[in-house]
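Here is the structure we will look at, set down as structure tokens.
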Amino acid sequence: MKSLTKKLYRQVWDQVRNQVRCQIVDQVRDQVWEQVRRQVDNQIWRQVDNQIWRQVDDEIWGEALEQV
């Protein structure tokens, strides 16, 4: 009987431990994915923003130089 209780306890403990591990892994994966997504979004928008401002600068300075 004691052996059966010990075995059952072990099975329950293994199951709980695995569930907690899975939850932690899922949580960490989601957090990392969100950070990477934000960084990539920010980087892309920074590049787009810089490109737009370069074009605007080129057009403004181009027109200004033509008028001079």
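The values are calculated or read from the model by the stated rules, or taken from the named source; none is laboratory data. No experiment lies behind these values; they were computed from the predicted model shown. Cβ sites come from the backbone with ideal geometry, for glycine too, and all protein chains shown count toward neighbours. All accessible areas refer to the heavy atoms of the entire protein, side chains included, with ligands and DNA or RNA removed. Shrake-Rupley method; radii C 1.70, N 1.55, O 1.52, S 1.80 Å.
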key: Shape of the chain, Cα gyration tensor, a/c cut at 1.5   = prolate
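Considering only the other residues whose Cβ falls under 14 Å of the Cβ of Val20, what net charge follows from Lys and Arg at +1 and Asp and Glu at -1? All intermediate terms of the calculation are to be shown ahead of the outcome.
Numbers: positive: Arg17, Arg21; negative: Asp14, Asp26.
My count for the surroundings of Val20 gives 0.
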request  = Could you pull the accessible area for Glu59 with a 1.4 Å probe, rounded to 10 Å²?
outcome  = 120
Acute angle (nearest 10 degrees) that the helix 2-67 long axis makes with the longest principal axis of the chain, alpha-carbon atoms = 0
ask   = By how many nm would the segment from Ile44 to Glu59 grow when fully extended, if each residue of separation counts as 0.36 nm and the alpha-carbon distance is taken off?
value = 3.1 nm
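Loop-only check: which chymotrypsin sites (Phe, Trp or Tyr not before Pro) in the range 21-68 are DSSP coil with at most 13 other Cβ within 10 angstrom? All intermediate terms of the calculation are to be shown ahead of the outcome.
Values: sites: Trp33, Trp45, Trp53, Trp61; in loops: none.
Of the chymotrypsin sites (Phe, Trp or Tyr not before Pro), not one in the loops of the range 21-68 has a Cβ with at most 13 other Cβ atoms within 10 Å.
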